[in-house]
1. Of all residues in the range 224-253, which are in contact with a Cys (Cβ under 9 Å, 6 or more places away or on another chain) and crowded, with 19+ Cβ neighbours inside 10 Å?
2. Considering only residues of the range 69-103 that are surrounded by 13 or more Cβ atoms within 10 Å (Cβ to Cβ) and at pLDDT below 85, which is farthest from Q229 (Cα to Cα)?
3. Six or more apart or on different chains, Cβ under 8 Å: which pairs go from a residue in the range 257-268 that's modelled with pLDDT under 95 to one that's among the acidic types (D, E)? Could you list them?
4. Count, please, the residues in the range 235-262 that happen to be outside any loop (DSSP other than H, G, I, E, B) and either more than 12 Å from the chain's Cα centre (by Cα) or among the acidic types (D, E) (or both).
5. Assess whether D256 counts as being touching a Cys at 6+ places or on another chain (Cβ under 9 Å) and charged (D, E, K, R).
6. Select from the range 171-201 the residues that are modelled with pLDDT of 90 or more and among the small types (G, A, S) and list them in ascending order.
7. Of everything in the range 272-307, what is exposed (fewer than 15 other Cβ atoms within 10 Å of the Cβ), touching a helix residue (DSSP H, G or I) at 6+ places or on another chain (Cβ under 9 Å) and farther than 22 Å from P35 by Cβ? Give them in sequence order.
8. Just one of I249, I219 is of a type outside the set (D, E, K, R), farther than 30 Å from I334 by Cβ and modelled with pLDDT of 95 or more; which is it?
Amino acid sequence: MNMNQDNDNMVNHINTILNNAEPPITTECSIYKVPFVIRTLNDNAYTPKLISIGPFHHHRNNHHHRLHNMERHKLIYFKAFLQRNNTTLHTFIQYIQSIIPDFNRSYSETLDFTNQELVQLILIDSGFIIELFWRAYYDDWSQDDATVLKPWIFHLQRSLKRQLRRINEPMKHLPSVTELLDAGVRFKVNTESECLLDLKFSGRVLEIPQLKVEDWTEILFRNMVALEQCHYPYESYITDYVAVLDFLINTGKDVDILVRKKILVNWLGDSDSVANLFNSLWKNVTHSNFSSDYSSLCEGLNDFCSDPWHKLKATLRRDYCNSPWQTAASIAGIAILVLTLLQSLTATWHRTLLHEAAILPSIWREEEKSQDPRKKKERICCGGNTRLTVHCVSDLGLERQSGTRPMVIEPFALDLGPVRNSFANVY
């Protein structure tokens, strides 16, 4: 009997557990903890430094002294928020209590808070955020705000005028900045677009919007990539951008090139630190689809770099036309080379004429002996230059010693020019 009762109790207990069982992440979930494999790369990048928002990093679960002290600042903001509107505190509390079930479902993990604790947390944090945005929008800061909160307000501009199409393909390989430069690609700051993600490649020019690399840049990008990994796997535009930068920037030399082109503003100081930052942002990230615009960009750059003619032109431009003086020296060198070649050709032509002139008298003497009425030779002197015109028939009567075919000389004319004095004694 006791055994049956124990079994019934166990069944009821398990049924109760099953009835309360829900998927850890539902379609309503939008707030996540950073996946462990991503968080291990830089745990500090995902830990609040100044103020915690929400239950995950609440001061009750976090013993960081600075976060705990900032709760007082949040209360000051919440009090100012209540004073700005006509809604009573009772109305706010009543509304928040009605949305607690939806609030719990928005989190990827079970929250270890009572309903009363959650109401208080939501009320204070929400009032603080609204008041903070109000002061930022109207630039209404107190002296305390300027030293504590204002430097941490940031805004990432993002264009929503066009919907970017995506393809179910991983990102293609992309040459580094140094490799692209060696292939003849020019880098230019894209000043026409307000969107940080608007990269363009046309002709041989790659346009990239300017990015300021500061102390908080890594934290910002890491958290946005983590959010896309959890909630926007098919709209991961920030992850696409990070992936492109990871390929473009491999070493400090790549960073230096982008800094010279004013595409990067390096406030970290060390170029290698900037390179390491971008090389680590894409680690342990699942990336199964890609922006079609970026895919076309990568394809265009790869095609450009694979053309050896572009590399040759870039090499010539870099080695011989890198500055006005170098360009002038290169042109002068080419001119000297051409003139030297022409001089060599002219000298060869003169030697050929002298050789022909040496054999003409013997030919004429043979013609005189032949007494052939069909031949005719003329000597015309005009303008101080000697022009010899020799008409030869097909048969001069000069047979080879073998007695076979006669020697045939086609009609020709020689304009001897400077060598005319060589024929002073000819006829």
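The values are calculated or read from the model by the stated rules, or taken from the named source; none is laboratory data. Since this is a predicted model, take the numbers as computed values, not measurements. Heads up, the Cβs are rebuilt from the backbone with ideal geometry, glycines too, and the neighbour counts pull from every protein chain shown.
1. Those that are in contact with a Cys (Cβ under 9 Å, 6 or more places away or on another chain) and crowded, with 19+ Cβ neighbours inside 10 Å: V244, F247.
2. Among those that are surrounded by 13 or more Cβ atoms within 10 Å (Cβ to Cβ) and at pLDDT below 85, it is H73.
3. Pairs that qualify, where the first residue is modelled with pLDDT under 95 and the partner is among the acidic types (D, E), are W267/E214; W267/D215; L268/E214; L268/D215.
4. 11
5. Taking the combined requirement at face value, the residue does not satisfy it.
6. S176, the sole residue that qualifies.
7. D272, S273 - these are the residues of the range 272-307 that are exposed (fewer than 15 other Cβ atoms within 10 Å of the Cβ), touching a helix residue (DSSP H, G or I) at 6+ places or on another chain (Cβ under 9 Å) and farther than 22 Å from P35 by Cβ.
8. Of I249, I219, the one residue that is of a type outside the set (D, E, K, R), farther than 30 Å from I334 by Cβ and modelled with pLDDT of 95 or more is I249.
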